[in-house]
Amino acid sequence: MGQNINDMAQAPYDYIREPAEIYRQSFSIVREEADLERLPPSLQPVAIRLIHSCGMTDIPQDLAYSTDVAAKASQALRAGAPVLTDVEMVAHGIIRKYLPAKNQVVCTLNDPQVPELAKQLGTTRSAAAVELWQSQLEGAVVAIGNAPTALFHLLEMITKGAPKPAAILGFPVGFVGAAESKQALAQSALNLPFLTLAGRRGGSAIAAAAVNAMAAGLPEEKEQGKAK
């Protein structure tokens, strides 16, 4: 026979309830288990947040990046640049209180124009939605966490003369086109600050974590800043 609810109430589970302590221990474990030294100092806090979002401590070995991406993304956000995302899941994962200038978070996937535009372009809705970024693209921070076609189409647009974003955080996920789109970003001759995760892995949680890291670093860093 199982325990009744009264017995369970008297014998609660033993787990940490304090949010700050959960963060502290989580980040401590990440530092112990992940090889962060392979990354430049500016990207180590970012990698910690990426790992924290998915539990995969081997992420650093598959990160590809330009050395200026953290600085460029952070500067853009502080200057009020919008964050452009391919899916609502990324948009909802961005912690608004971290954004330094109440930055606008834009996802155009559900814009009424998108289905017809996708037919005209002969592509996915995710890629067509990127076309609607044109007026906000210059100097923006782009976070792609789902669709390889969105990343491919963005690179095609910029190649054809569309404005350049301040940084591209490219984490499309899946088995068709994800690895190839991220390789195209990493090997692009467009001189774009970027961060991506080679291979099939990615996803909305990782893309949102990248934005949160660029916006605010780690909680402990903010506390150290207050103490100075």
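Tabulated results
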{"item": "Selected residue (criterion: farthest from M157 (Cα to Cα)) from residues of the stretch 86-137 that are β-branched (V, I, T) and touching a residue at least 40 places away in the same chain (Cβ under 8 Å)", "result": "I95"}
{"item": "Count of residues meeting criterion [of a type in the set (A, V, I, L, M, F, W, C), touching a strand residue (DSSP E or B) at 6+ places or on another chain (Cβ under 7 Å) and assigned to a loop (DSSP other than H, G, I, E, B)] in the stretch 51-85", "result": "1"}
{"item": "Selection within the stretch 27-41 - loosely packed, with under 15 Cβ neighbours inside 10 Å and either assigned to a helix (DSSP H, G or I) or among the hydroxyl-bearing types (S, T, Y) (or both)", "result": "S28, I29, R31, E32, E33, E37, R38, P41"}
{"item": "Residue within the stretch 114-121 that is in contact with a Phe, Trp or Tyr (Cβ under 9 Å, 6 or more places away or on another chain) and open to solvent by less than 20 Å² (accessible area, probe 1.4 Å) present", "result": "no"}
{"item": "One residue from E88, E138 being surrounded by fewer than 18 Cβ atoms within 10 Å (Cβ to Cβ), touching a strand residue (DSSP E or B) at 6+ places or on another chain (Cβ under 6 Å) and at pLDDT 95 or above", "result": "E88"}
{"item": "Sole exception among (1) touching a residue at least 40 places away in the same chain (Cβ under 8 Å); (2) of a type in the set (A, V, I, L, M, F, W, C); (3) open to solvent by 20 Å² or more (accessible area, probe 1.4 Å) for A213, by number", "result": "(3)"}
{"item": "Looking only at the stretch 159-185, and only at residues there that are open to solvent by 10 Å² or more (accessible area, probe 1.4 Å) and assigned to a helix (DSSP H, G or I), the one that is farthest from G199 (Cα to Cα)", "result": "T159"}
{"item": "Scope the stretch 6-23; condition part of a loop (DSSP other than H, G, I, E, B), modelled with pLDDT of 65 or more and open to solvent by less than 80 Å² (accessible area, probe 1.4 Å); matching residues", "result": "I16"}
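The values are calculated or read from the model by the stated rules, or taken from the named source; none is laboratory data. Predicted model, so just to flag it, every value in this text is computed and none were measured. Note that each Cβ is placed from the backbone with ideal geometry, even for glycine, and that neighbours are counted across all protein chains shown. Note: areas computed on protein heavy atoms with side chains; ligands, DNA, RNA excluded. Shrake-Rupley method; radii C 1.70, N 1.55, O 1.52, S 1.80 Å.
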